[in-house]
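Step one of this worksheet: look at the structure below.
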Amino acid sequence: MNERANAAGVRRSGTGYAAWVVLLTLGGISAVRAQDAGISRKLTLKEAVTLAVGNSRDLALARLHYDLVQREAGVAKAAFLPNFYTGTGAAFTNGFPLMSGGGVPAIFSLSYDQQIFNPPLKGDQRAAEQRAEGQRLSMQGVRDAVMVRAALEYLELAKVRHAQELMRGERLSAGRILDSMRERAAAGRELPIEVTRAQLTAARIEQRIAQLEDREDSLSGELRDIMGLPADQPIEVSTEEIPGAATEEAKDLVSQAMANNIELKQAETERRAREEKLKGERGGYWPTVSLVGQYNVLSNTNNYTDFFKKFQRNNVIFGLEVRIPIFASRTTSAVAFARADLNEADLLLAKKRSELSLDVRRKARQVRETDLAGEVARLELQLSQENLRILQVQFDQGRGSLRDLEAAHLEENDRWLSFLDANYARQQAQLELLRTTGQVAKVLQ
């Protein structure tokens with residue numbers, strides 16, 4: 001009698017799951033209602049990623065590091081730009097008027113210096129510029145990492161909220177089974193162990209719901225933090241597919257990675273930096289040329305007339321200074337060191353290319369495996385839904401039991417959860433492959 005009394009509720013539950021089948025067939029799932037009672041902010045996947053990129057503290061720190069390295073390259077370049085220095089002072093001289101360093105005492109001095117041809121310094125400048133480019137690529141890598149993290153947290157939050165709705169439906173089915181088992185055990189038609197088994201199922205469902213609620217709270221907080229939203233701002237997300245996910249053959253993906261992978265580009269810029277350093281050190285065997293100039297205002301208190309026939313207060317010198325190396329031990333050692341440094345960079349670059357090729361192929365296989373796992377989960381879900389419809393018809397005709405029908409509901413919920421997990425694993429694999437091939441910014445922005 002009690003089984004008949006619950007028939008209307010079971011039919012309504014079956015109708016709800018049939019609606020999910022229609023939504024799945026159409027290829028989309030409706031927007032997930034936010035759990036908070038306040039006014040929520042509805043976000044798409046691309047909006048969440050854009051907010052994360054715009055408010056990420058990690059990315060802001062990477063920009064500061066890039067700016068710092070650019071300034072360092074500017075310091076290396078400064079030697080080839082005009083440099084003026086001025087100063088004044090007073091000194092007592094006894095004998096020839098001479099200062100330490102070879103200069104003469106002056107009331108006022110103005111000096112000028114600019115490198116015209118200096119291969120070692122030019123090599124340092126070009127190496128610093130290449131390392132600044134490497135830091136720019138590092139900043140792009142941080143940006144891609146932020147985008148992937150935001151996308152994964154967004155997609156997992158949508159999955160967790162969907163799973164919560166399914167588990168609440170599973171809680172209702174488990175409760176009806178438990179009530180049925182208690183009535184049948186009281187009537188002597190079931191063993192007490194069946195009641196305990198139903199209680200265990202209900203307890204496991206409650207445990208799973210609590211875990212999902214904790215995970216939702218954690219994901220919501222992390223997503224709000226990375227997007228720069230207030231800590232109490234409710235957010236509403238929806239289940240989405242990754243737009244333009246990689247579907248090329250493995251060989252095409254390897255070519256993309258070789259052209260666009262950020263870590264490989266960083267290794268290439270580091271090699272170029274060391275190559276420029278070697279070129280500069282080799283140029284140390286050549287003369288260096290610089291523009292020099294100086295203007296001094298002298299004072300006769302330093303006894304210039306005792307050593308010179310004529311004293312002139314204002315003095316100017318301007319011209320080229322050429323330094324020709326005769327025997328430079330430092331240059332030989334510096335060239336040997338730079339050559340060894342470049343050899344190391346060549347080996348690291350070759351190693352990186354080999355590892356990248358293997359990594360792309362592995363991740364492409366992982367995407368294919370998760371695609372197949374997703375298809376298996378979809379078919380298992382479809383099978384459980386068809387089985388549920390059959391049992392619903394049998395129950396409506398009086399040829400089935402409520403326990404079997406509710407057990408079918410529980411199985412369908414489990415298949416839904418498996419399908420959501422498989423779909424999220426597929427999206428994770430796609431994002432990692434896109435990041436490795438250097439396409440994640442193109443897809444998510």
Report summary line: Within region 382-424, the residues that are among the aliphatic types (A, V, I, L, M) and within 15 Å of residue 176 (Cβ to Cβ) are 388, 391, 402, 405, 407, 408, 410
Requested in this report: Kindly provide the set of residues from region 183-230 that are over 25 Å from residue 170 (Cβ atoms), surrounded by 18 or more Cβ atoms within 10 Å (Cβ to Cβ) and touching a residue at least 12 places away in the same chain (Cβ under 8 Å), ordered by number.
Outcome: 223, 226, 227, 229
Query raised in the report: What are the residues in region 97-119 that are buried (at least 21 other Cβ atoms within 10 Å of the Cβ) and within 49 Å of the chain's Cα centre (by Cα), if any?
Result: 118
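Got a number for residues in region 305-333 being closer than 21 Å to residue 111 by Cβ, among the β-branched types (Val, Ile, Thr) and without any contact (Cβ under 8 Å) to a residue 24 or more places away in the chain? Spell out the reasoning first.
First, the residues of region 305-333 that are closer than 21 Å to residue 111 by Cβ: 312-323.
Restricting the remaining residues to those that are among the β-branched types (Val, Ile, Thr) gives 316-317, 322.
The next check asks that each one be without any contact (Cβ under 8 Å) to a residue 24 or more places away in the chain; those that pass are 316.
Qualifying residue count for the region: 1.
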**Report entry** Checklist (1) closer than 30 Å to residue 128 by Cα; (2) not in a helix (DSSP H, G or I) applied to residue 264, failing item
**Finding:** (2)
Requested in this report: Among the residues of region 217-227, write down those that are within 22 Å of the chain's Cα centre (by Cα) and not polar (S, T, N, Q).
Outcome: 219, 221, 222, 223, 224, 225, 226, 227
**Report entry** Residue check for residue 146: free of Cβ contacts under 8 Å to residues at least 60 places away in the same chain and buried (at least 18 other Cβ atoms within 10 Å of the Cβ)
**Finding:** no
Requested in this report: Starting from region 286-301, take each residue that is of a type in the set (Val, Ile, Thr) and list its partners that are not in a strand (DSSP E or B), counting only C-beta distances under 8 angstrom and pairs at least six apart or across chains.
Outcome: 288/118; 288/119; 289/118; 297/106; 297/107; 297/313
Query raised in the report: Among the residues of region 131-152, is any within 30 Å of residue 296 (Cα to Cα), aliphatic (A, V, I, L, M) and part of a helix (DSSP H, G or I)?
Result: no
Query - Condition check for residue 218: among the polar types (S, T, N, Q) and assigned to a loop (DSSP other than H, G, I, E, B) - result: no
Query raised in the report: Scanning for something at pLDDT below 95, surrounded by 14 or more Cβ atoms within 10 Å (Cβ to Cβ) and not in a loop (DSSP other than H, G, I, E, B), does region 231-243 turn up at least one residue?
Result: yes
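Taking residue 359 as the residue in question, decide whether it is among the acidic types (Asp, Glu), in a helix (DSSP H, G or I), closer than 30 Å to residue 418 by Cβ and within 23 Å of the chain's Cα centre (by Cα).
Values: among the acidic types (Asp, Glu): yes; in a helix (DSSP H, G or I): yes; closer than 30 Å to residue 418 by Cβ: yes; within 23 Å of the chain's Cα centre (by Cα): yes.
Yes: the conditions hold for residue 359.
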Requested in this report: Could you please find all residues in region 57-82 being buried (at least 17 other Cβ atoms within 10 Å of the Cβ) and either closer than 21 Å to residue 243 by Cβ or aliphatic (A, V, I, L, M) (or both)?
Outcome: 59, 62, 69, 73, 76
Query - residue 174, sole failed condition from (1) under 30 Å from residue 41 (Cβ atoms); (2) in contact with a Leu (Cβ under 7 Å, 6 or more places away or on another chain); (3) part of a helix (DSSP H, G or I); (4) at pLDDT below 90 - result: (1)
Requested in this report: Output yes when any residue across region 274-286 is modelled with pLDDT under 95, part of a helix (DSSP H, G or I) and either of a type in the set (Val, Ile, Thr) or touching a His at 6+ places or on another chain (Cβ under 9 Å) (or both), and no when none is.
Outcome: no
Query raised in the report: Restricting attention to region 247-260, does a residue exist that is of a type in the set (D, E, K, R) and touching a Lys or Arg at 6+ places or on another chain (Cβ under 7 Å)?
Result: no
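For residues that are in contact with an Asp or Glu (Cβ under 7 Å, 6 or more places away or on another chain) and either of a type in the set (Gly, Ala, Ser) or farther than 17 Å from residue 286 by Cα (or both), scanning just region 330-347, find the one that is surrounded by the most Cβ atoms within 10 Å (Cβ to Cβ). Talk me through it step by step, then tell me what you get.
Initial filter on region 330-347 (in contact with an Asp or Glu (Cβ under 7 Å, 6 or more places away or on another chain)): 331, 334-335, 338, 342, 345.
Within this subset, residues satisfying the condition of being either of a type in the set (Gly, Ala, Ser) or farther than 17 Å from residue 286 by Cα (or both) are 334, 338, 342, 345.
Working: 334: 19, 338: 22, 342: 19, 345: 19.
Across region 330-347, the extreme among qualifying residues is 338.
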Query raised in the report: When only residues in region 250-264 that are under 21 Å from residue 444 (Cα atoms) and of a type in the set (D, E, K, R) count, which is modelled with the highest pLDDT?
Result: 263
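With respect to residue 123, is the statement that it is of a type outside the set (A, V, I, L, M, F, W, C), part of a loop (DSSP other than H, G, I, E, B) and within 24 Å of residue 325 (Cα to Cα) true? Steps first, answer last, please.
Numbers: of a type outside the set (A, V, I, L, M, F, W, C): yes; part of a loop (DSSP other than H, G, I, E, B): no; within 24 Å of residue 325 (Cα to Cα): yes.
Criteria not met by residue 123.
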Query raised in the report: Say we look at region 75-110 and pick out the residues that are assigned to a loop (DSSP other than H, G, I, E, B) and touching a strand residue (DSSP E or B) at 6+ places or on another chain (Cβ under 6 Å); which of these is modelled with the highest pLDDT?
Result: 82
Query raised in the report: Pick from 415, 403, 389: which is part of a helix (DSSP H, G or I), at pLDDT below 90, over 28 Å from residue 48 (Cβ atoms) and out of contact with any His (no Cβ under 6 Å at 6 or more places or on another chain)?
Result: 403
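The values are calculated or read from the model by the stated rules, or taken from the named source; none is laboratory data. Bear in mind the structure is a predicted one, so any value in this text is a computation, not a measurement. Cβ: placed from backbone, ideal geometry, glycine included. Neighbour counts: every protein chain shown.
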